[in-house]
Amino acid sequence: QVQVVESGGGLVQAGGSLRLSCAASGLTLSTYNVGWFRQAPGKEREFVAVIGTSGASTSYTDSVKGRFTISRDNAKNEVFLQMNSLKSEDTAVYFCATSLLYRTGSYAYIYWGQGTQVTVSS
């Protein structure tokens, strides 16, 4: 059974940092592209970042470029999202998901975690 689990969310002040982790069981994460998405209250889920299988390719939504960094440790079957200079508008539930394709659209993603809450206070 495939399970994707996010961790590392929490409450942080504006300007602060958090590091989210995504772990998977029941699959070899290194064979998947991994994306981070987020959903704020009353808004649709949106793409945040994606990383290719080797870690050489990454893409970000414009609003997080220069502040967020996606990375992976294939030996540990984990993917990370380092979030710096957090803003109140980053407040959302953050989801990790896996895809066989390198895409920014959520339609391409197969396995999803339950999400982790990130709250940025101003």
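What the table below lists for this structure:
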read-out	value
Separation between Cα centres of region 95-122 and region 10-81, rounded to whole Å	7 Å
Candidate lysines for bridging to K87, where Cα separation is under 23 Å - those fewer than 8 sequence places away on the same chain excluded	K43, K65
Relative contact order (percent, whole number), the chain, Cα cutoff 8 Å, 6+ residue spacing	36 percent
FRET efficiency for T58 and T28, using Cβ-Cβ distance with R0 set to 22 Å, rounded to 0.05	0.65
Over region 59-122, relative contact order from alpha-carbon pairs under 8 Å, at least 6 apart, %	29 percent
Share of carbon and sulfur in the accessible heavy-atom surface of region 65-107 [1.4 Å probe, %]	50 percent
Accessible area expressed per residue, the chain, with surrounding protein chains retained (probe 1.4 Å, Å²)	50 Å²
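The values are calculated or read from the model by the stated rules, or taken from the named source; none is laboratory data. On a predicted model such as this, the values are computed, not experimentally measured, just so you know. Ideal geometry is used to build each Cβ from the backbone, glycine not excepted, and the neighbour counts take in all protein chains shown. Heads up: the accessible areas ignore ligands, DNA and RNA and are worked out on the full protein's heavy atoms, side chains in. Shrake-Rupley method; radii C 1.70, N 1.55, O 1.52, S 1.80 Å.
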